[in-house]
Structures are given as structure tokens and as C-alpha cells.
Amino acid sequence: MKLLNYRSPADDAVRLGISTEAGVIDVAAAAAAANLQATVGADTDGCIAAGSRGLAELTALCEWASRQGEPGSWLLPEAGLRLAPCVLRPGKLLCVGLNYRKHAEETGASIPAYPVLFSKFGNALAAHGDEIALPAASREVDYEAELAIVIGRAARDVPVAEALDHVYGYCCANDLSARDLQLRTSQWLLGKSCDGFAPLGPWLVTADEVGDPNRLAIGCTVNGVARQRSDTSDMIFRCDEIVSYVSRHMTLLPGDVILTGTPEGVVLGYPESERVYLRRGDIAEVEIAGLGRLRNRFV
């Protein structure tokens, strides 16, 4: 199931939708029309909190919608919607650095023995379609196409074999990085947590629809030109290993998000004389098989 958050044109309030081939089902409006129970709340955070019960409600709603000969006002064209981040209030926004072999090699870094963890904050969240302001303090903003894991059940000391049972779903992410700020000190935080530096979307795709997260094509284009083209099978630490590792050091809670690293092709990996970082007007698009395309313009 492909869940999304969109902003109501009437009052800018966030509403919950389900992306389908026919259009986006407005969950609240469709549930009212179908006289079906909808206790998942107003957004994807509510869906995550509701767990399997919420998924069952949404599945029933989709089945009802598919039987309607003439869709009502509850079905919306997706192209006309202004989206919000597909997870709104993650308690943790964690990232894994240097997690693709070819990316580590292109930057001259050693293959890590353990996952390299750092964090972003809520101010970094952005949505598909948002314009992202390039920070005045940086001249070296880079793109990083990433698969994001969204936790669905609390995870503490979880073995690798059970780790993916705690995942609610996955989404596209762009781990935007101000390289001049990131590499100013040994701590990466400053260059990773500028406003809008963690776009998530367009959809939160439930784990059952994704299947094996370590066999997904992933890529990034800038102004339509391919910059990254890889597969999540190149990860050094797989998704189950990442979730298990993090859970041994801190409890993961529903709604927490983990960005799992980027493949080769970032600007930092080019020879210094050929590096052209993101500029005003550039459009970056992250695409992952089955998870849609995340598009942002820089201003």
C-alpha cells in the first residue's frame, strides 16, 4: 500500500491518502462515504501507530473503493496535490554513512567495520515537490539518493533474523549534504541538518508491498541527467543488519526513520576539478523501484 500525506487546499491541514492507479483515496472522506471505521488518524504517523489494525482498515477501504463504479469526491488526482513529508514526526531521524561499497571507494574512505551512524533533526524534513533553499553558509550542497526505513514496532536488542518484522515500510529519501560544512570538523552533523535537508516521499510504501529491500534499483538525476544508478544490493550493511545494530544501542520506536546510505555518483566522488555542486534552479530526483520518484527544486 502506498500511503501519503497531502495538504488540504482549503486550510493547509495534512490529510491522509492512499495512492492507487485510479488516483488518491482521501481516507477520511472515503471512510465516511463507505460508512467504514477509520481509526488510523489524519496522517501516516497515525497509520504507523495503529499497526496491523490500521492496515486492515485501509485494506478494507481500498477494496470498497475498487468496487465503486463512479468514484466520488473522495478520489483525487495525485498530480494536483501538494504533499507533506511521508513521515511527519519521527522521534529519530538516523542516517548510515558510507554504506555502499562503490560510494566508499569513490570518496577514498575505508570500508567500515560497523555502520557509521549520524543524525538529522526535524527541521531537515521536506516533502516531494518542495522547493529547498540552499544555505547561504555553503557552496557545496550535494545530493544523496537513499532508501529510508520506517519503523513500525518498537525494536530493542532485536536479532538480525527478526529485524524486518519491526519495519512498517520504506520510502525514497535525499540525504542532502553541505560538504564544506560536513567536513569542517570530524562531526558531520552541521552539514547534514540544514533546513530541508531530508526530503522524504512521495509515498510511504508498506513493507508487504516492497518485498526484499536489498534488491531495489536506486538512482538520482539532476536536471534530467543521471548521476547515480545502482542497486541496494551494493549495501555493506543490509537493512536487517542496520535495524538490528541500531536496536542494540537504542530503542527504535514506531515512526523512527533510518536513511540507509547512498550509492556512488555523488558530486564529492568526482575529481575535484569536475565537481559541480547543486545550484539555484537545479532539480534533483531520487527514484527507487516501487517507491516512486522524489523531486525537489533548489532555490
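Residues of the stretch 124-169 being touching a Gly at 6+ places or on another chain (Cβ under 8 Å), part of a helix (DSSP H, G or I) and closer than 14 Å to CYS239 by Cα, which ones?
Hit for the stretch 124-169 is HIS166, nothing else.
Kindly evaluate GLU264 against the criterion of being farther than 16 Å from PRO115 by Cα and within 13 Å of the chain's Cα centre (by Cα). Lay out the reasoning, then the answer.
Values: farther than 16 Å from PRO115 by Cα: yes; within 13 Å of the chain's Cα centre (by Cα): no.
Here the answer is no, as GLU264 does not meet what is asked.
Looking at GLY129, GLY97, which one is touching a Pro at 6+ places or on another chain (Cβ under 9 Å), surrounded by 15 or more Cβ atoms within 10 Å (Cβ to Cβ) and on the phi > 0 side of the Ramachandran plot? Break it down into steps so the answer makes sense when it comes.
Working: GLY97 fails: on the phi > 0 side of the Ramachandran plot.
Only one candidate qualifies: GLY129.
From the set of residues in the stretch 149-186 that are crowded, with 20+ Cβ neighbours inside 10 Å and of a type in the set (S, T, N, Q), which is nearest to VAL243 (Cα to Cα)?
The selected residue is ASN174.
Looking at SER233 and the list (1) touching a residue at least 40 places away in the same chain (Cβ under 8 Å); (2) of a type in the set (Ser, Thr, Tyr); (3) outside any strand (DSSP E or B), which single condition is not satisfied?
(1)
Can you tell me which of ALA79, ALA49 is assigned to a helix (DSSP H, G or I), out of contact with any helix residue (DSSP H, G or I) (no Cβ under 9 Å at 6 or more places or on another chain), closer than 25 Å to LEU294 by Cα and without any contact (Cβ under 8 Å) to a residue 60 or more places away in the chain?
Within the list ALA79, ALA49, the selection yields ALA79.
Would you please name the residue that is nearest to VAL24 (Cα to Cα), looking only at residues in the stretch 203-262 that are of a type in the set (Ser, Thr, Tyr) and surrounded by 20 or more Cβ atoms within 10 Å (Cβ to Cβ)?
As a first pass, look at the stretch 203-262 and keep what is of a type in the set (Ser, Thr, Tyr): 206, 221, 230, 232-233, 244-245, 247, 251, 260, 262.
Filter once more, keeping what is surrounded by 20 or more Cβ atoms within 10 Å (Cβ to Cβ): 206, 230, 232, 244, 247, 260, 262.
Values: THR206: 16, SER230: 30, THR232: 28, SER244: 34, SER247: 35, THR260: 28, THR262: 30 Å.
Result: THR206.
Going residue by residue through the stretch 246-261, is there one that turns out to be under 26 Å from ALA217 (Cα atoms), among the hydroxyl-bearing types (Ser, Thr, Tyr) and more than 12 Å from the chain's Cα centre (by Cα)?
So far as the stretch 246-261 goes, no, none of its residues is under 26 Å from ALA217 (Cα atoms), among the hydroxyl-bearing types (Ser, Thr, Tyr) and more than 12 Å from the chain's Cα centre (by Cα).
Is there any pair linking a residue in the stretch 239-257 that is outside any helix (DSSP H, G or I) to one that is surrounded by 22 or more Cβ atoms within 10 Å (Cβ to Cβ) and of a type in the set (Ser, Thr, Tyr), with Cβ under 9 Å and at least six apart or on different chains, and which?
PRO254/TYR168; GLY255/THR44; GLY255/TYR168
None of the figures in this text is laboratory data; all of them are computed from the coordinates on show. Computed from a predicted structure; not experimentally measured. Neighbour counts are summed over all protein chains in view; Cβ atoms, including those assigned to glycine, are modelled from backbone coordinates with ideal geometry.
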